[in-house]
């Protein structure tokens, strides 16, 4: 890991950009801490520069008010990273189907999502290895955000993930429902009830499939971008229960 920039923000949070091989990322750590901080991995749908203000808002809230470190990395094939040809073709096929008012077939969803899961999850695990080696970070670890299929795979295969706050709203391949049954950590799932691009029933079926004994669904009226501001603190309180 190579840190490429560093700034102390007005709430005392230290924000550092880094690269890990070809992967760009950002790390936020509390301004003052007497012990190693728990860590939240902040997922997103790609385009780190476009998503930065929203990601930073959540991460700074967790760091300044709860003493958590938070980190994010760019999704494979997004931002300045090399494009993935198969995923780009799937995006084209998806747009064509949606413009034509046609159903989005399983083959398009699989081609769009599964390559990202296969590539992103090992990258998150490598990032986690590196972050936990820093003296100011000690775990436990949570995962928040989307793409929800990436969060499912991470929660299923990565034993260091102790809790997850997953954001519904992306297409989910049928195979991921079986993986969801293998997830047993505490979960909170955020669903926008009127999400324009989300199949509400599919999201409810996915929530039902999770194998966790402790799982909570937060459903709010409104579209994809209409998540209420109070959900940031709801996520923080969830992590405070399970990571502190």
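Put simply, of 178, 107, 136 the only residue that is closer than 20 Å to residue 208 by Cα and more than 19 Å from the chain's Cα centre (by Cα) is 178. The requirement of being out of contact with any strand residue (DSSP E or B) (no Cβ under 7 Å at 6 or more places or on another chain) and surrounded by 17 or more Cβ atoms within 10 Å (Cβ to Cβ) is not satisfied by residue 131.
Of all the listed residues (112, 116), the sole one being touching a residue at least 40 places away in the same chain (Cβ under 8 Å), in contact with a helix residue (DSSP H, G or I) (Cβ under 8 Å, 6 or more places away or on another chain) and farther than 17 Å from residue 157 by Cα is 112. Scanning the stretch 231-244 for residues being exposed (fewer than 14 other Cβ atoms within 10 Å of the Cβ) and either touching a strand residue (DSSP E or B) at 6+ places or on another chain (Cβ under 9 Å) or assigned to a strand (DSSP E or B) (or both) gives a total of 2.
Does the stretch 133-153 hold any residues that are touching a helix residue (DSSP H, G or I) at 6+ places or on another chain (Cβ under 9 Å) and over 21 Å from residue 66 (Cβ atoms), and which are they? First the steps, then the outcome.
Pass one, the stretch 133-153, residues touching a helix residue (DSSP H, G or I) at 6+ places or on another chain (Cβ under 9 Å): 137-145, 147-150, 152-153.
If the condition is that a residue be touching a helix residue (DSSP H, G or I) at 6+ places or on another chain (Cβ under 9 Å) and over 21 Å from residue 66 (Cβ atoms), then 147, 148, 149, 150, 152, 153 are the ones that fit.
Please state which one of 151, 145 is buried (at least 21 other Cβ atoms within 10 Å of the Cβ), modelled with pLDDT under 95 and in contact with a strand residue (DSSP E or B) (Cβ under 6 Å, 6 or more places away or on another chain).
Working: 151 fails: modelled with pLDDT under 95.
So the residue among 151, 145 that is buried (at least 21 other Cβ atoms within 10 Å of the Cβ), modelled with pLDDT under 95 and in contact with a strand residue (DSSP E or B) (Cβ under 6 Å, 6 or more places away or on another chain) is 145.
A single member of 97, 90, 69, 64 is under 26 Å from residue 187 (Cβ atoms) and either modelled with pLDDT of 95 or more or in contact with a helix residue (DSSP H, G or I) (Cβ under 7 Å, 6 or more places away or on another chain) (or both), and it is 69. Among the residues of the stretch 166-187, those identified as more than 19 Å from residue 232 (Cα to Cα) and in contact with a strand residue (DSSP E or B) (Cβ under 9 Å, 6 or more places away or on another chain) are 183, 185. Hey, can you tell me all the residues within the stretch 188-214 that are part of a helix (DSSP H, G or I) and in contact with a strand residue (DSSP E or B) (Cβ under 7 Å, 6 or more places away or on another chain)? Result: 203, 207. Looking at the stretch 1-120, the strands (runs of 3 or more DSSP E) lying wholly inside it that each contain 1 or more residues that are loosely packed, with under 13 Cβ neighbours inside 10 Å sit at 2-8.
Taken across the stretch 171-178, residues that are at pLDDT below 95 and crowded, with 16+ Cβ neighbours inside 10 Å do occur, with at least one present.
The values are calculated or read from the model by the stated rules, or taken from the named source; none is laboratory data. All values derive from a computational prediction rather than experimental measurement. Reconstructed Cβ throughout: ideal geometry from the backbone, glycine too, with neighbour counts over all protein chains shown.
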